[in-house]
1. Kindly check whether there is at least one residue in segment 67-88 that is closer than 16 Å to TYR114 by Cα, assigned to a loop (DSSP other than H, G, I, E, B), within 20 Å of the chain's Cα centre (by Cα) and not assigned by TED's automatic domain parsing to the domain that holds VAL135.
2. Considering segment 6-36 alone, what residues qualify as being in contact (Cβ under 8 Å) with a residue 40 or more places away in the chain and among the β-branched types (Val, Ile, Thr)?
3. Of all residues in segment 48-57, how many are over 14 Å from the mean Cα position of the chain (by Cα) and buried (at least 17 other Cβ atoms within 10 Å of the Cβ)?
4. With the structure loaded, tell me whether LEU4 is surrounded by 12 or more Cβ atoms within 10 Å (Cβ to Cβ) and under 22 Å from TYR113 (Cα atoms) or whether it fails that test.
5. Looking at (1) under 16 Å from PHE23 (Cβ atoms); (2) modelled with pLDDT of 95 or more, which is the one condition that is false for PRO129?
6. Among the residues in segment 43-56, are any of a type in the set (Val, Ile, Thr) and modelled with pLDDT under 95?
7. Restricting to segment 97-114, give me the number of residues that are exposed (fewer than 11 other Cβ atoms within 10 Å of the Cβ) and within 16 Å of SER27 (Cβ to Cβ).
8. Just checking, which of ASN13, ASN31 is of a type in the set (S, T, N, Q) and within 16 Å of ASN111 (Cβ to Cβ)?
Amino acid sequence: MIELSTERRAALNASLIRHIRQFIAGSVLFNQQVAEHTGLRLTDMQCMNVLELLGPSTPGTLAACTGLTTGGVTVMLDRLEKAGYVKRAPNPADRRSVLVSVNPKKLKKINTYYARVTSQTIEVFNAIPEAELDVVERFFTRINAIRVERGAME
């Protein structure tokens, strides 16, 4: 591993934090635009994203992943179910709970808004050597693990 000077390390850390903040801000604002086009709230959009990543999940899992209360998740799921975006079904592993899953047709409609940015992102990935992409993947794996372990707002 190459050691950087303390000054260079501090400057690099500050630059990376700035880039991460810019990326997050841009992503949030883009997601807000998609939410508005689909008639959803931003939180509802992120719930759909979480469900797409995790697959069918319990409301408790959604609460843990979104940082919402279980009551807030129930209200959000009521909205999404009424609009046809999600479906609740009995949980075969626990008869006291339900599993929430996305409606694939509605998800496909939402994903059309992301097709261009996904394509552009893949173009950027394709221009980066595989070894560097491995580093980026490890970075995001570590950052996401920290968020999950400590909770979003801790």
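1. Taking segment 67-88 first, the residues closer than 16 Å to TYR114 by Cα are none.
Within segment 67-88, none of the residues are closer than 16 Å to TYR114 by Cα, assigned to a loop (DSSP other than H, G, I, E, B), within 20 Å of the chain's Cα centre (by Cα) and not assigned by TED's automatic domain parsing to the domain that holds VAL135.
2. VAL34
3. Pass one, segment 48-57, residues over 14 Å from the mean Cα position of the chain (by Cα): 56-57.
With the extra rule that they be buried (at least 17 other Cβ atoms within 10 Å of the Cβ), the set shrinks to 57.
Counting residues in segment 48-57 that are over 14 Å from the mean Cα position of the chain (by Cα) and buried (at least 17 other Cβ atoms within 10 Å of the Cβ) gives 1.
4. Numbers: surrounded by 12 or more Cβ atoms within 10 Å (Cβ to Cβ): yes; under 22 Å from TYR113 (Cα atoms): no.
So LEU4 does not fit the description; no.
5. So PRO129 meets the others, but not (1).
6. Looking only at segment 43-56, we keep the residues that are of a type in the set (Val, Ile, Thr), and these are 43, 50.
Retained after the next criterion (residues that are modelled with pLDDT under 95): 43, 50.
Yes, that holds for at least one residue.
7. Of the residues in segment 97-114, 0 are exposed (fewer than 11 other Cβ atoms within 10 Å of the Cβ) and within 16 Å of SER27 (Cβ to Cβ).
8. Values: ASN13 fails: within 16 Å of ASN111 (Cβ to Cβ).
None of the others qualify; the one that does is ASN31.
The values are calculated or read from the model by the stated rules, or taken from the named source; none is laboratory data. Remember, predicted model here, so these are calculated numbers, not experimental data. In this analysis, Cβ positions are derived from the backbone assuming ideal geometry, glycine residues included, and neighbour counts consider all displayed protein chains.
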